[in-house]
1. How much length is gained if the chain between Leu126 and Phe13 is pulled fully straight, taking 0.36 nm per residue apart and subtracting their Cα-Cα distance, in nm to one decimal?
2. In region 39-103, what chymotrypsin sites (Phe, Trp or Tyr not before Pro) fall in a loop by DSSP, with at most 13 other Cβ atoms inside 10 Å?
3. Measure off 7 Å from each Cα along the Cα-to-Cβ vector at Arg38 and Asp80, then give the distance between these two points in nanometres to one decimal.
4. Compute the Rg to Rh ratio over the chain from the alpha carbon atoms, using the Kirkwood formula for Rh, and round to two decimal places.
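Computed from the coordinates by the stated procedures, all read-outs in this text should not be read as laboratory data. In this text, all values refer to a predicted model and were calculated from it rather than measured experimentally. So basically every Cβ, Gly included, is an ideal-geometry build from the backbone, and we count neighbours across all protein chains shown.
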Amino acid sequence: MEHTYQYAWIIPFLPLPIPMLLGVGLLLFPTATKNLRRMWSFTSVLLLSIVMTFSVNLSIPQINSSSIYQYVWSWTINNDFSLEFGYLIDPLTSIMSILITTVGIMVLIYSDNYMSHDQGYLRFLLI
């Protein structure tokens, strides 16, 4: 659990394949994709739940420790200027990731039941 922060990049990227696969499915196989609407919503909620548990797991060590900044890539133009890409994990970031994923799960569950009869539900799920 000490090196959990190394996998923090998974948080924004794990739910990303569902809208991409849904968009490709709507373009190539629209009828089959519309018939599997419940499966798409279930996998979306499942992946977002996994991200929420990972966010909780990531925030537990942040309660008593300091911030973690992980460099992913460094790009230097000259000696005076350096542009570094990475991510910062501090207590506020941990709390916000838990909050955003929890609200996202609630919105997905509510909208799945509310828009069950709507023809444009898959377009909503793409967004």
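1. Full extension from Leu126 to Phe13 adds 39.2 nm.
2. Sites meeting the loop and neighbour criteria: Phe81.
3. Label at Arg38, label at Asp80, 6.5 nm between them.
4. Ratio value, two decimals: 1.10.
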